[in-house]
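Quick notes on the structure that follows.
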Amino acid sequence: MKIKEVAQELKLETVVEGDLKIEVMGGHVGDLLSNVMGRAKAGDLWITIHGHQNVAAIALLTEVAGVVVAEGMAIDEDTIAKAQQKDINLYQSQLSSYQLAGKLYELGIK
């Protein structure tokens, strides 16, 4: 499923629109950045509560399809600027990481 469709289905707020044709192949929920670097896969939708600039760097490194900042947590302006510069899909949601992961699973993305 394309990230644009996933974002619509999950009712995500778009912060930065990157490449909307990217396929979401799986999901990764994590807030420990070193763990995300080692375990997230290319094509995953990464769900986190972090909004600081390191999120953009790790998204690039892991080649995730996009990042969702959950629980309405703030996203730093530097993060937004880096996501725009590097064409990273960046979203925000008021839902918890748990709720978002469940909805992603219900969409058939496992």
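The set of residues in the range 99-110 being within 12 Å of TRP46 (Cα to Cα) and open to solvent by 30 Å² or more (accessible area, probe 1.4 Å) consists of ALA101 alone. Restricting the range 27-76 to residues that are acidic (Asp, Glu) and within 16 Å of ILE3 (Cβ to Cβ) leaves a set whose member that is most open to solvent (accessible area, probe 1.4 Å) is GLU63. Taking residues in the range 12-33 that are within 15 Å of LYS110 (Cα to Cα), and partners anywhere that are of a type in the set (S, T, N, Q), the pairs with Cβ atoms closer than 9 Å and at least 6 places apart or on different chains are HIS28/THR48; HIS28/THR62; VAL29/THR48; VAL29/SER97. Within the range 1-26, the set of residues being assigned to a loop (DSSP other than H, G, I, E, B) and open to solvent by 70 Å² or more (accessible area, probe 1.4 Å) comprises MET1, LYS11, GLU17, LYS21, MET25.
Filtered by the rule that a residue be surrounded by fewer than 17 Cβ atoms within 10 Å (Cβ to Cβ), in a helix (DSSP H, G or I) and among the small types (Gly, Ala, Ser), the range 77-98 gives a lone residue, ALA81.
Taking the criterion of being more than 16 Å from GLU13 (Cβ to Cβ) and of a type outside the set (Ser, Thr, Tyr), the residues of the range 56-75 that qualify are ALA56, ALA57, ILE58, ALA59, LEU60, LEU61, GLU63, VAL64, ALA65.
The values are calculated or read from the model by the stated rules, or taken from the named source; none is laboratory data. Predicted model, so just to flag it, every value in this text is computed and none were measured. Here the Cβ is made from the backbone with ideal geometry for all residues, glycine too, and neighbour counts use every protein chain on show. Accessible surface is based on the protein model in full, side chains and every heavy atom, while ligands, DNA and RNA are left aside. Shrake-Rupley method; radii C 1.70, N 1.55, O 1.52, S 1.80 Å.
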